[in-house]
Amino acid sequence: MLAPQARMHCSTIRGAFTGSKPAAPQKWWQRPGSAASRRCLQRPCAAGQSTDTDSIEGGEAATSSADGSSATVGSAPLTTVSRAAVQPAADAASAPASSSAGHAAGSSSAAPSQSSSGSSSSGRRPASAAPREQRKRPPRLRLQSFLEIDDGPPRVMSLLDPDTPSPGPSARQHLPLLLYLPGIDGSGLAASRQFPSLLRSFDMQTLVTPPHDRTPFAELVRIAADFLRHEVPACPPTRPVYVLGESFGGLLALALAAEVPALVDRIILVNPATSFNNSLWPLLGPLLPQVPPELYRALPVALAPVLANPINLLAGGLEGSAGAGLQATGEQLVETAVGLLQQLPVLAEILPAETLAWKLELLARGSAHVEPLLPRIQQRCFLLVGDQDLLIPSREEGPRLQRALPRAQLRVERGRSHALLQEGGVDLAAILEEEGFYVRERRMSAPISKRSAAGFGVAAPVELPTPVELQRYAERTTAFGRRLSSPVFISTGPDGSRCLGLSQIPEGRPLLLVGNHQTLALDLGVITEQFLKEQGTLLRGLAHPVIFAQTFGSNGDSSAEGGGGEQGGGSATTSNSAANGQQSSGDLPSWDPNRMFNNALQGSDGQNPLQRLVGARAGRDSGAGSSGSTDGSSAFRSFMTTFGAVPVSAFNMHRLLQNGEAVLLFPGGVREAYKRQGEEYKLFWPKKSEFIRMAARFGATIVPFAAVGVDDSLNILADGSQLEALPVVGDMLRRRAGVIPQARRGVAAASAEQESFVAPLATPRLPPGRLYFLFQQPIQTSPEDMKDRARCDELYRQARASVEEGIAYLLEQRKRDPYGEFLPRQLYEAAFPGRQAPTFPVQ
């Protein structure tokens, strides 16, 4: 929806609409972001008017007519100023604009225009021409001005806030790049109330479509993609690139992310129109263009309560009036209401009947185009929806998209409508900060020199989770276990000295951590979380291929690059197995840790006890109108890949070490994680030293570590072999396990015990014990070691012995822990909030 009184705080427009056609050879709109498109042409004024552009610092402009009246166009002047023209005034524009609060709030009235005799031929005054407090408040951009643009093709406009001190070409390179894709109006004004705060946080650019444009959906995606293809490669690879899509723009944003995954890092969707085909508009929309012309102009007024919440819009008009008198507040409220009523009919001109019919067709085609792409969109995505959106069912669509997109987080704004970005009290930039979705720089797991597609689930550097993102996952997964177990981490330096914490973990890369799997791998999330919190290091875990398998029937090797090293498995990106209607890893028995973790992330599994016993598939509620192609990706798989996991294979390990990553490996694999009765803390490592040779190739530092606390906190009622021996249930489990991809192949498979992917049925022992982790003395390797098989075997035995010694040390020393018992530990941490209970002396 368009803002009824949109305020466009800008002094520079790149590729601005022009009133006259450019020369025939100069088709600058065909290359968004190109040097030609950066030329800003002066729009001719109407007869009898002169253009008066205020100081660059103030960024105000008005078009004065011969009779002295002012036709204002927001803070965006009718005369656009190129960056080259603005640069000489950059030094004079170092102070913020007058009444910056008016910028943020969107002032409700424009100051009187300057007299025509006071304007120079250039329409420009020095920045110091008037005291700051005497300058005009920014005029307002009204929707009528959008009708004055030419009928050229869609193009990208860059808006620059007058508060920005330096408007030079590189002044905003330190900010993340944001491409805003508006709704069906195409004006780019629907989020104008958010522009002041967004422009302080982003280098924001907007795709704008003229009212009578008929560009197809695929071509709109191509135009936006071409802009990113030109703009992003010139930026540092760690500069974040955001795409903001509102309503119809949400469809474009998702299609764009799938089209150029390497050029889009994060997606922001505001009431996206992905639910268009599940709304009433496919039925009602074709009837609207048939409304008689005399009634069509009044249609926006009649639909106003559906488009937006009038009370919230009025509240937005009062922003910035805190402390004003009752009379002033009343006058501003009346003025805002009058503006709303005056501007709504302009929507009928921006979207005439034939344009509306075309836009509705675009919505239908775009929705159908995007739906099968959802599981493939690997970028982080932030969903912002209003629960009172009466235009499309955004309240139901938000949770559905959260399940369908691999890395989506959802925020529902209570009492907000479809046009929530125009409503008072909504600050999108502040919301992104609060939700941990705003980053000024991409923090990668390893140094990068160029951009690549999101490396989730593949052996390429990935962006680290933000602290807020990490906290959100922890609250849903590890927080409860941490409160119960109060894990203790101990690290050992090269000289053998030990201390609490991870401070003695080597900083050099590559780094390979090898340790023992505890039963059901229940401590994996705690280890990953601790390294991120304490060291800012994302461990790249080598995980079982079943987590990444598209279906139970796949071989787990969707890449030809796996091959017969220690472990096999592909490195291809994951996709939603429901796309082809086959079973996924969600069909594991309910006691399997992968299934339990998946349910913890999703909230519930919706199955009855019998179904949970045998892992039968239950019907899933994917939201209204969901199709099989978006039945929801595995939450556990998304969690693992977001936090750096890749399928275990020799190829993936090679690439991670080559990139200088910190790699986490459990040589015992699933056999060690799915222990049988009486096998507590026993290692099931393969006989061959292949991972040592791989580490030596890159001179990696190996850190053996030991973990205790889980194995003796569980009662194994029946292990995998006992479950497989059961009648009926055993047959089902064997059939399911038989089609699961194997982790060990080639040399490793021949040197290790046969693994079975049937988890033991276990119950916790109460009260729960404490977890302990000991990272042993580092082992340095060199490329020369790789050539010496005997030396590699010796290092292998040394690493294994170090893990076994660490396990024995922790089992013995924990007897001396004064807070090893549950009750004293809980009482201590309750008495001293935020402080961990002490443990045994480390030295």
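Of the helices (runs of 4 or more DSSP H) lying entirely inside segment 757-843, the ones with 3 or more residues being surrounded by 12 or more Cβ atoms within 10 Å (Cβ to Cβ) and among the aliphatic types (A, V, I, L, M) are found at 789-813.
Just one of the listed residues (R671, R612, R693) is outside any loop (DSSP other than H, G, I, E, B), over 16 Å from R403 (Cα atoms), of a type outside the set (G, A, S) and at pLDDT 95 or above, and it is R693.
With respect to A191, determine if the residue is within 24 Å of V439 (Cβ to Cβ), surrounded by 22 or more Cβ atoms within 10 Å (Cβ to Cβ) and either outside the structural domain of G366 (by TED's automatic domain parsing) or of a type outside the set (F, W, Y) (or both). Spell out how you get there, then give the answer.
Values: within 24 Å of V439 (Cβ to Cβ): yes; surrounded by 22 or more Cβ atoms within 10 Å (Cβ to Cβ): yes; either outside the structural domain of G366 (by TED's automatic domain parsing) or of a type outside the set (F, W, Y) (or both): yes.
For A191, the condition - within 24 Å of V439 (Cβ to Cβ), surrounded by 22 or more Cβ atoms within 10 Å (Cβ to Cβ) and either outside the structural domain of G366 (by TED's automatic domain parsing) or of a type outside the set (F, W, Y) (or both) - is met.
Just one residue in the set L532, L500, L512 is under 20 Å from R800 (Cβ atoms) and either touching a Ser or Thr at 6+ places or on another chain (Cβ under 8 Å) or at pLDDT 95 or above (or both); that residue is L512.
Would you check if there is a residue in segment 302-323 being under 24 Å from G366 (Cβ atoms), modelled with pLDDT of 55 or more and not basic (K, R)?
Taking segment 302-323 as the starting set, the residues that turn out to be under 24 Å from G366 (Cβ atoms) are 303, 306-308.
From the residues that got through so far, the ones that are modelled with pLDDT of 55 or more too are none.
No - not one qualifying residue is present in segment 302-323.
The residue that is farthest from R483 (Cα to Cα), counting only those in segment 774-822 that are among the aliphatic types (A, V, I, L, M) and under 40 Å from the mean Cα position of the chain (by Cα), is I779.
Out of V703, V708, which single residue is touching a helix residue (DSSP H, G or I) at 6+ places or on another chain (Cβ under 7 Å) and modelled with pLDDT of 90 or more?
Working: V703 fails: touching a helix residue (DSSP H, G or I) at 6+ places or on another chain (Cβ under 7 Å).
The conditions single out V708.
State yes or no: is A218 at pLDDT 95 or above, within 23 Å of the chain's Cα centre (by Cα), under 13 Å from P154 (Cα atoms) and not β-branched (V, I, T)? Here the answer is no, as A218 does not meet what is asked.
Among residues of segment 761-775 that are over 18 Å from F840 (Cα atoms), those with a beta-carbon under 6 Å from a residue that is β-branched (V, I, T) and assigned to a strand (DSSP E or B) at least six positions away or on a different chain give the pairs A762/I716. For the subset of segment 439-478 comprising residues that are charged (D, E, K, R) and in a loop (DSSP other than H, G, I, E, B), which member is surrounded by the most Cβ atoms within 10 Å (Cβ to Cβ)? Within segment 439-478, the match that is surrounded by the most Cβ atoms within 10 Å (Cβ to Cβ) is R442.
If only one of G436, G386 is touching an Asp or Glu at 6+ places or on another chain (Cβ under 6 Å) and surrounded by 21 or more Cβ atoms within 10 Å (Cβ to Cβ), which one is it? Please lay out each step first, then the result.
Values: G436 fails: surrounded by 21 or more Cβ atoms within 10 Å (Cβ to Cβ).
Criteria check complete, one pass: G386.
Cβ-Cβ below 8 Å, separation at least six or inter-chain, first residue in segment 808-837 and without any contact (Cβ under 8 Å) to a residue 40 or more places away in the chain, second among the aliphatic types (A, V, I, L, M) and buried (at least 16 other Cβ atoms within 10 Å of the Cβ): which pairs? From segment 808-837, the pairs are P824/A837; Y828/A837. Checking segment 545-559 against the condition returns a match, with at least one residue being among the acidic types (D, E), part of a loop (DSSP other than H, G, I, E, B) and either out of contact with any strand residue (DSSP E or B) (no Cβ under 9 Å at 6 or more places or on another chain) or at pLDDT below 95 (or both).
Do we find a residue being assigned by TED's automatic domain parsing to the domain that holds V803, under 30 Å from P236 (Cα atoms) and polar (S, T, N, Q) anywhere in segment 471-487? The answer is yes, given that some residue of segment 471-487 is assigned by TED's automatic domain parsing to the domain that holds V803, under 30 Å from P236 (Cα atoms) and polar (S, T, N, Q).
Quick one: how many residues across segment 171-188 are outside any strand (DSSP E or B) and on the phi < 0 side of the Ramachandran plot?
Taking segment 171-188 as the starting set, the residues that turn out to be outside any strand (DSSP E or B) are 171-176, 182-188.
Okay, now just the ones that are also on the phi < 0 side of the Ramachandran plot, so 171-176, 182-185, 187.
Residues that pass the stated criteria total 11.
Of the residues A234, A191, which single one is under 23 Å from the mean Cα position of the chain (by Cα) and under 26 Å from Q402 (Cβ atoms)?
On the way: A234 fails: under 26 Å from Q402 (Cβ atoms).
A191 is the lone residue from the list that is under 23 Å from the mean Cα position of the chain (by Cα) and under 26 Å from Q402 (Cβ atoms).
Here L502, L520 are screened, and the one residue that is in contact with an Asp or Glu (Cβ under 7 Å, 6 or more places away or on another chain), touching a residue at least 60 places away in the same chain (Cβ under 8 Å) and surrounded by fewer than 24 Cβ atoms within 10 Å (Cβ to Cβ) is L502. Being modelled with pLDDT of 95 or more and farther than 18 Å from G669 by Cβ: is that true of K815 here? Criteria met by K815.
Residue-wise test of (1) in contact (Cβ under 8 Å) with a residue 40 or more places away in the chain; (2) within 18 Å of the chain's Cα centre (by Cα); (3) closer than 30 Å to T215 by Cβ.
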residue: L356; (1), (2), (3): yes, no, yes
residue: K359; (1), (2), (3): yes, no, yes
residue: R380; (1), (2), (3): yes, yes, yes
residue: V385; (1), (2), (3): yes, yes, yes
residue: I392; (1), (2), (3): yes, no, yes
residue: R395; (1), (2), (3): no, no, no
residue: P399; (1), (2), (3): yes, yes, no
residue: R442; (1), (2), (3): yes, yes, no
residue: A453; (1), (2), (3): yes, yes, yes
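The values are calculated or read from the model by the stated rules, or taken from the named source; none is laboratory data. Source: prediction; values computed, not measured. In this analysis, Cβ positions are derived from the backbone assuming ideal geometry, glycine residues included, and neighbour counts consider all displayed protein chains.
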